[in-house]
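Below is one structure, written out as structure tokens; comments come after it.
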Amino acid sequence: MSHVVTQSCCSDASCVYACPVNCIHPTPDEPDFLTAEMLHIDPQACVDCGACVSACPVDAIVPESKLTDPQRVFLQINADFYKEERPRPLLAKVIPATTVDQGRPPLRVAIVGSGPSAMYAADELLTQPDVQVNVFDRLPVPYGLVRAGVAPDHQKTKQVTRLFDKIAAQKGFEFYLNVEIGNHLSHNELLENHHAVLYAVGASSDRGLDIPGADLPGTASATDFVAWYNGHPDHADDVFDLSHQRAVIIGNGNVALDVARILTADPEKLAATDISAHALAALRKSLVEEVVIVGRRGIAQSAFTVPEFTGLMALPDIELSVGPDDMILDPATEHADALPHAVEQKLKLLEALKNRDHVDVGSKRITLRYLLTPTAITGEDHVTGVEFDRNTLVDGDGAAGIEPTGDTETIDTGLVLTSIGYRGVPLTGVPFDERASVIPNDGGRVLEAPGVYATGWIKRGPSGFIGTNKSCAQETVGKLVDDFNNGNLTSPSADATALDRLVRSRQSAVVDRAGWHAIDKAERERGAAHGRIREKILDQAEALSIINAAAQAKSARRRLWKASH
Ligand code: NAP
């Protein structure tokens, strides 16, 4: 018997360090950690102690005896990772935290953004005594893409907010939510008031598809659709045309899978989640019955990950299929002696899907298509279809390339969602690499900008999973602390109370930790009243009045307590 890593693995590797026998791999110091799509438990070495279960922030690890039927496929996925023998030390190599030199004024750091990369960076900084971390976010609610990106049917993944709440409760941590850097406070003002400013702003835009018809009504970016169903306030008024029978998604990464699932899910099942009320209402009226997910390369280059595709295949009420002429390998994959574990698993899953007996499971279908490059979106005043060039696979420069065969194909549709990746956006006063859409940096230390650091997607581009941000943040914080210890950072020009006064003079509606707790509590209570996990409050004025009411109630309780003691 052993434990098994399942779909919601976030790769933050907490389990790796909890394991007494080093049986979870790849570990963060192993070369394949950055490319692995999940972690794996060696069934031969696991001593079944369960330490990893307690360490995992997203409940991804399950004892073999408790695997559900759809989860049993992960037994083999975990075991297959260990087919190839590798030398391993007795214990995983711990990456030591860089120690802040004492005897200087306490280190004070501003973090811009409050998503996973920000929270892991704050946690890393707060392992050191007396460090002050101020976390700024332009939204009145924290946790970035965990709240506004992770799909509502992935509640296990969203559980990582319990860890983030614990990080935010530590001494030295302060939230300045509803405060926009570049609007309420400038980058220079932030830097003047801290030893260092660490940008953890993610990639808030998307890579647009530059083909004729890309701006026709009925076309939108998948990332906007995600923000809409997750109740991001910037997208609360978006409208998506769900009145057609077929939707086409361009790109086949995990975002494409998320969007396809939400478009084909039973709205009554989504109703129990924290999906935004406006999206739920629209999905209840949706006429979409089929989603076609289109990749320009081959099956071995599918951008979705093994755990997510395994989850999609396990959905009981969706007819999932792959284009019958699309199961084609590129020459390098076809002739390889051994394939990377993730590619091998994906090909296995796709083969199993192709050979699966057809079961009539209802009216909703997801079809995977490959080898199609979109060339135009057609329609007069609304999308009617997408034209594609059919490709053949060739050996490219290190990766499989494509060449058009000369054949074309049109897929009729009334909704096109482009899902070809997120993109970072420049910040006023901070260097920016336009080509890579990141802040130019060396291991998180921003080039030619002393005292400025970056972590997460704005540092390395939009790749990896929630937990990947932990090792990414450790690297950046290591550089920051080295610079502090070497006396390379300028001390803040004023004390911490001056910063607080400055922020409040620019934004009276700043939301602190108590404010966030008040919104969190109200959202959960409203949700519970309707059998939902959470009912997100999108109206800013309403959120602020809840915060004020909670603050008044707290001070009334305090007065009462004082009077009675
Ligand atoms: P992604 O994984 O980078 O996938 C982008 C897709 O767009 C690829 O199929 C890519 O094909 C295609 N593409 C790019 N440019 C194109 C073009 N000009 N024309 C046609 N196709 C094009 O991006 P994503 O899905 O947005 O995901 C971003 C990150 O978030 C990933 O690391 C993902 O794993 C992560 N994420 C994780 C989860 C989860 O764990 N549950 C959920 C959502 C997102 P090529 O490969 O041919 O370039």
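The values are calculated or read from the model by the stated rules, or taken from the named source; none is laboratory data. Note that the coordinates shown come from a computational prediction; the quantities given were computed from them, not determined experimentally. Every residue, glycine among them, receives a Cβ derived from its backbone with ideal geometry; neighbour counts consider all protein chains shown.
Data overview
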quantity: Positions within the range 5-34 being buried (at least 22 other Cβ atoms within 10 Å of the Cβ), within 16 Å of the ligand (Cβ to nearest atom) and not acidic (Asp, Glu), in sequence order; calculated: Val5, Thr6, Gln7, Ser8, Cys9, Cys10, Ser11, Ala13
quantity: Residues being closer than 17 Å to Asn22 by Cα and surrounded by 15 or more Cβ atoms within 10 Å (Cβ to Cβ) - total across the range 77-87; calculated: 4
quantity: The listed residue being over 24 Å from Ala514 (Cα atoms), in contact (Cβ under 8 Å) with a residue 12 or more places away in the chain and small (Gly, Ala, Ser), out of Gly172, Gly208; calculated: Gly208
quantity: So Ala272, is it touching a residue at least 40 places away in the same chain (Cβ under 8 Å), in contact with an Asp or Glu (Cβ under 8 Å, 6 or more places away or on another chain), aliphatic (A, V, I, L, M) and outside any helix (DSSP H, G or I); calculated: no
quantity: Test: residue in the range 396-407 that is within 16 Å of the ligand (Cβ to nearest atom) and within 17 Å of Val322 (Cα to Cα); calculated: no
quantity: The range 406-436, residues that are within 30 Å of Pro217 (Cα to Cα), out of contact with any Phe, Trp or Tyr (no Cβ under 9 Å at 6 or more places or on another chain) and polar (S, T, N, Q); calculated: Thr413, Thr418
quantity: In the range 289-306, the residues that are more than 16 Å from the ligand (Cβ to nearest atom) and either buried (at least 21 other Cβ atoms within 10 Å of the Cβ) or not in a loop (DSSP other than H, G, I, E, B) (or both); calculated: Glu290
quantity: Qualifying residues in the range 438-460 (those that are touching a Phe, Trp or Tyr at 6+ places or on another chain (Cβ under 9 Å) and assigned to a loop (DSSP other than H, G, I, E, B)) - the one surrounded by the most Cβ atoms within 10 Å (Cβ to Cβ); calculated: Gly456
quantity: Out of Val160, Val179, Val150, Val131, sole residue that is in contact with a Gly (Cβ under 7 Å, 6 or more places away or on another chain) and in contact (Cβ under 8 Å) with a residue 24 or more places away in the chain; calculated: Val131
quantity: Residue that is modelled with the lowest pLDDT, among those in the range 531-548 that are in a loop (DSSP other than H, G, I, E, B) and charged (D, E, K, R); calculated: Asp539
quantity: Odd one out for Ile537, checked against (1) surrounded by fewer than 16 Cβ atoms within 10 Å (Cβ to Cβ); (2) among the hydrophobic types (A, V, I, L, M, F, W, C); (3) more than 19 Å from Glu174 (Cβ to Cβ); calculated: (1)
quantity: Pairs where the first residue, in the range 415-437, is within 13 Å of Trp457 (Cα to Cα) and the second is surrounded by fewer than 24 Cβ atoms within 10 Å (Cβ to Cβ) and of a type in the set (D, E, K, R), C-beta under 8 Å, 6+ apart; calculated: Gly421/Asp206; Gly421/Arg207; Tyr422/Asp206; Tyr422/Arg207; Arg423/Asp206; Arg423/Arg207; Pro426/Glu434; Ser437/Arg423
quantity: Residues being part of a loop (DSSP other than H, G, I, E, B) and surrounded by fewer than 22 Cβ atoms within 10 Å (Cβ to Cβ) - total across the range 412-437; calculated: 14
quantity: Positions within the range 442-458 being more than 14 Å from the ligand (Cβ to nearest atom), more than 17 Å from Phe484 (Cβ to Cβ) and at pLDDT 95 or above, in sequence order; calculated: Leu447
quantity: Test: residue in the range 89-112 that is under 20 Å from Phe465 (Cβ atoms) and part of a helix (DSSP H, G or I); calculated: no
quantity: Top-ranked residue in the range 112-150 [being of a type in the set (Asp, Glu) and within 23 Å of Gln102 (Cα to Cα); ranked as modelled with the lowest pLDDT]; calculated: Asp130
quantity: Scan of the range 488-530 for residues that are at pLDDT 95 or above, farther than 24 Å from Val179 by Cβ and not hydrophobic (A, V, I, L, M, F, W, C), ordered by number; calculated: Asn488, Arg524, Glu525, Arg526, Gly527
quantity: Filter pass, Asp520 being among the acidic types (Asp, Glu) and farther than 27 Å from Ala454 by Cα; calculated: yes
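Quick grid of which residues meet (1) surrounded by fewer than 16 Cβ atoms within 10 Å (Cβ to Cβ); (2) over 30 Å from Glu192 (Cα atoms); (3) in the same structural domain as Phe164 (by TED's automatic domain parsing):
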| site | (1), (2), (3) |
| --- | --- |
| Ala36 | no, yes, no |
| Val47 | yes, yes, no |
| Pro57 | no, yes, no |
| Pro70 | yes, yes, no |
| Leu75 | no, yes, no |
| Val94 | yes, yes, no |
| Thr98 | no, no, no |
